[in-house]
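A.B. asks: Just dropping this structure here.
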Amino acid sequence: MLLCSFTLGVMTDLKNYKKKRQLDKTPEPGSSEGKSSGDKPIFVIQEHDASTHHFDFRLEVDGVLKSWAVPKGPSTDPSEKRLAVETEDHPLDYADFEGSIPEEEYGGGQVIVWDQGPYEHRTERDGKAISFSEAEEKGHISIWLEGEKISGGYELIKMSGKNWSDDQWLLKKSDDAEADARRKPTNTEPKSVLSGRTVEEV
Ligand code: MN
């Protein structure tokens with residue numbers, strides 16, 4: 001498995017997750033690996049009111065949550081490209097995490113599950129489906145989300161060139177029937193889809 005990951009040039013593991021946290025001092029989930037969430041993989045978008053407010057966009061892949069921090073959150077407008085900074089893989093249990101991380105700990109601040117649901121990985125090359133790790137390596141990932149607030153196609157596009165660092169991607173709504181330039185769900189729909197709380201109420 002590890003050899004396979006190296007061959008593809010993509011790692012999915014929770015070493016950095018553990019390294020960054022004192023798991024006895026934060027209410028965040030431990031780092032149990034490999035628990036599948038069900039028939040379809042899931043995505044989750046967590047609003048995180050840390051020192052810099054952002055949304056964490058996570059996709060279930062190979063037993064972990066691949067993660068990006070999106071400062072402005074997802075847009076439903078296909079003309080809006082949102083910066084998405086790749087962060088460490090998170091354990092699957094994190095998908096339901098809401099709570100208050102102590103200020104002095106890594107990522108200190110309040111977290112809610114802003115949206116969640118099944119998703120499909122749909123990246124193709126020359127008209128044929130390719131694996132998630134191939135898409136990640138190529139720097140262009142196509143997905144289909146079925147959340148309560150966010151749905152339809154999205155693209156994650158890795159940036160390259162001297163003005164971009166290696167962890168910077170753009171998250172963009174595909175131009176499909178679910179696109180809507182007028183909706184601003186990150187402003188108008190602030191409540192957790194799990195608890196109904198806003199991030200201020202956590
Ligand atoms: Mn975060």
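A.B. asks: Among the residues of the range 88-114, what is the count of those that are crowded, with 19+ Cβ neighbours inside 10 Å and over 16 Å from D49 (Cβ atoms)?
C.D. replies: 6
A.B. asks: Take the residues in the range 62-74 that are part of a loop (DSSP other than H, G, I, E, B) and in contact with a Leu (Cβ under 8 Å, 6 or more places away or on another chain); name whichever of them is surrounded by the fewest Cβ atoms within 10 Å (Cβ to Cβ).
C.D. replies: Taking the candidates together, the pick is P71.
A.B. asks: Of all the residues that make up the range 43-87, how many are modelled with pLDDT under 95 and among the charged types (D, E, K, R)?
C.D. replies: Summing the residues that are modelled with pLDDT under 95 and among the charged types (D, E, K, R) in the range 43-87 gives 1.
A.B. asks: Okay, next question. Scan the range 111-120 and tell me whether some residue there is over 18 Å from the mean Cα position of the chain (by Cα), away from the ligand (no atom under 16 Å from the Cβ) and at pLDDT 95 or above.
C.D. replies: There is no residue in the range 111-120 that is over 18 Å from the mean Cα position of the chain (by Cα), away from the ligand (no atom under 16 Å from the Cβ) and at pLDDT 95 or above.
A.B. asks: State whether the residues of the range 145-152 include one that is touching a helix residue (DSSP H, G or I) at 6+ places or on another chain (Cβ under 9 Å) and touching a residue at least 40 places away in the same chain (Cβ under 8 Å).
C.D. replies: Yes, the range 145-152 contains at least one residue that is touching a helix residue (DSSP H, G or I) at 6+ places or on another chain (Cβ under 9 Å) and touching a residue at least 40 places away in the same chain (Cβ under 8 Å).
The values are calculated or read from the model by the stated rules, or taken from the named source; none is laboratory data. As the structure is a prediction and not an experimental result, all values here were calculated from the model. No Cβ is skipped: glycine too gets one built from the backbone with ideal geometry, and neighbour counts run over all protein chains shown.
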